[in-house]
Every structure is written in structure tokens, then in C-alpha cells.
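Readers should treat all values here as calculations from the given coordinates under stated rules, not as data from a laboratory. Because the structure is predicted, anything quoted here is derived from the model rather than measured. Cβ placement follows ideal geometry from the backbone for every residue including glycine, while neighbour counts extend to all protein chains displayed.
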């Protein structure tokens with residue numbers, strides 16, 4: 001089962017408690033570790049976390065720098081444990097604007113864990129669903145120009161094969177925390193037939209118990225994918 005999570009509400013969680021927004025982001029980073037650990041016993045084999053969007057650069061400079069510092073810390077402090085837990089880490093998005101040291105940490109973690117056979121953990125950083133489609137389109141167009149494929153041969157599968165999630169199944173369930181009910185440019189193509197869960201809890205309060213309840217709700221649904229299923 002593939003679950004995507006839009007980890008929303010860290011800053012608001014902190015503000016409601018009279019704390020700096022970055023304290024909320026720090027608490028949210030700690031929650032990532034808890035939820036990653038909870039995936040295997042809950043039957044989740046692929047987890048995609050929306051860590052930083054292409055639009056998040058518009059935030060205040062000190063908040064962006066704080067988020068990048070937390071990201072550095074997560075990559076450094078969890079590298080060994082993720083590998084020991086047999087987690088395979090992949091990064092989604094355009095890495096080009098990221099700092100060189102962050103790119104090195106990302107490369108180290110993805111290289112170390114690439115052959116692991118446990119949980120597939122996708123971390124979406126500088127990711128946007130529309131940007132992903134633009135990058136995929138450019139790649140396909142370049143192949144057409146080189147004569148590697150004909151334009152008439154392009155199918156939905158061709159596009160899927162050029163996305164950051166190529167070789168992976170589309171998400172079965174997408175969860176967004178903190179009460180907002182939109183995708184915010186997350187997995188635009190892949191979510192065409194995903195189920196959705198919009199939860200009131202902010203990400204720092206998203207416990208394994210809340211996660212399990214959301215999964216139970218998902219499993220109670222009937223997915224028809226456009227067909228009519230006789231009862």
C-alpha cells in the first residue's frame with residue numbers, strides 16, 4: 001500500500017502554543033521518525049512525505065533556512081537507522097536549488113539504502129506536481145527530438161515512466177493534516193484515482209493511532225476506478 005502525506009500545520013501548532021513557528025517544524029520533524037517506524041506494522045510499504053514544496057521558497061527567509069537546517073539534521077541523524085531498518089529512501093523533486101551539502105547528504109542516503117527491500121520512503125523536497133509534469137514533458141520532448149520515440153507513441157504510461165515516482169505504484173491514499181482540503185500541487189498526476197483523508201490534527205499531533213484510524217477508514221471504502229461493481 002502506498003500512502004502520501006501532506007504534513008501540514010507545524011507552524012500553526014506552534015503559534016497556538018505561543019511558540020516560534022520553527023519549534024513546530026522541529027516537532028514535526030520528530031514526528032516523521034515516529035510515523036516511518038509505524039508503517040510496516042500498519043501494512044504500508046511505500047510512504048511519500050511532502051517535506052518542502054516548490055512554493056515554500058516564498059516563506060520568510062529565516063523560516064526557509066530553519067527548515068533546511070532541520071532537513072540537514074534529519075538526513076545526518078537518521079542515515080544509519082534508516083539503513084539498519086531496511087528502508088529504501090528516494091527523493092522526489094528538482095534538487096538543483098538546494099545547497100551542495102544537502103545534495104551530498106541526499107546522495108549519501110539514497111545510495112546507501114538503494115538496495116534495501118523494506119519500506120520505500122519517498123521524500124518530496126523542492127517538489128511540485130506541475131513542475132514534475134513539466135520536467136517529464138521536457139524529457140519526453142527531448143527523446144522525440146532525438147528520434148528515440150515517435151510523438152504518436154506517447155501514452156499515459158510514457159508520462160508515468162518519466163515522473164519522479166517511476167517504477168512505483170500510484171498512491172492508494174493521500175492524507176492531509178491540519179484541516180485543509182486541497183492537494184497543494186502534490187502528486188498531481190499520480191493522485192488521479194487516490195482516496196483522500198483530510199484530518200483536523202496538525203502534523204505534530206499525527207500519531208500512529210491517528211494513522212491507523214485513517215487506514216481503517218480507507219480499507220472500509222470501495223474503490224471502483226470508474227467501473228460499476230455489482231453488489
For region 109-198, just list the percent of Cα-Cα distances falling in each 10 Å bin from zero outward, please. 14, 39, 33, 13, 1
Prolate/oblate/rounded call for region 37-79, Cα gyration tensor, a/c under 1.5 rounded: oblate
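Once you have the Kirkwood Rh of the chain from its Cα pairs, apply Stokes-Einstein at 37 °C and 0.692 mPa s and quote D in µm²/s. Present the calculation step by step, with values, prior to reporting the outcome.
Working: Rh = 18.7 Å.
Answer from the Stokes-Einstein relation: 175 µm²/s.
Could you please rank 207, 53, placing first whichever residue has the fewest other Cβ atoms within 10 Å of its Cβ? Before the final figure, lay out each step's value.
Values: 207 14, 53 20.
Taking fewest neighbouring Cβ atoms as first place, the list is 207, 53.
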Rounded to the nearest 0.05, what FRET efficiency do residue 79 and residue 150 give with R0 = 35 Å and r taken as the Cβ-Cβ distance? Could you check? 0.20
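Suppose R0 equals 45 Å. What FRET efficiency, 1/(1 + (r/R0)^6) with r the Cβ-Cβ distance, do residue 19 and residue 169 give to the nearest 0.05? Each step should come with its number before you reach the end.
Values: r = 38 Å, r/R0 = 0.86.
So the FRET efficiency works out to roughly 0.70.
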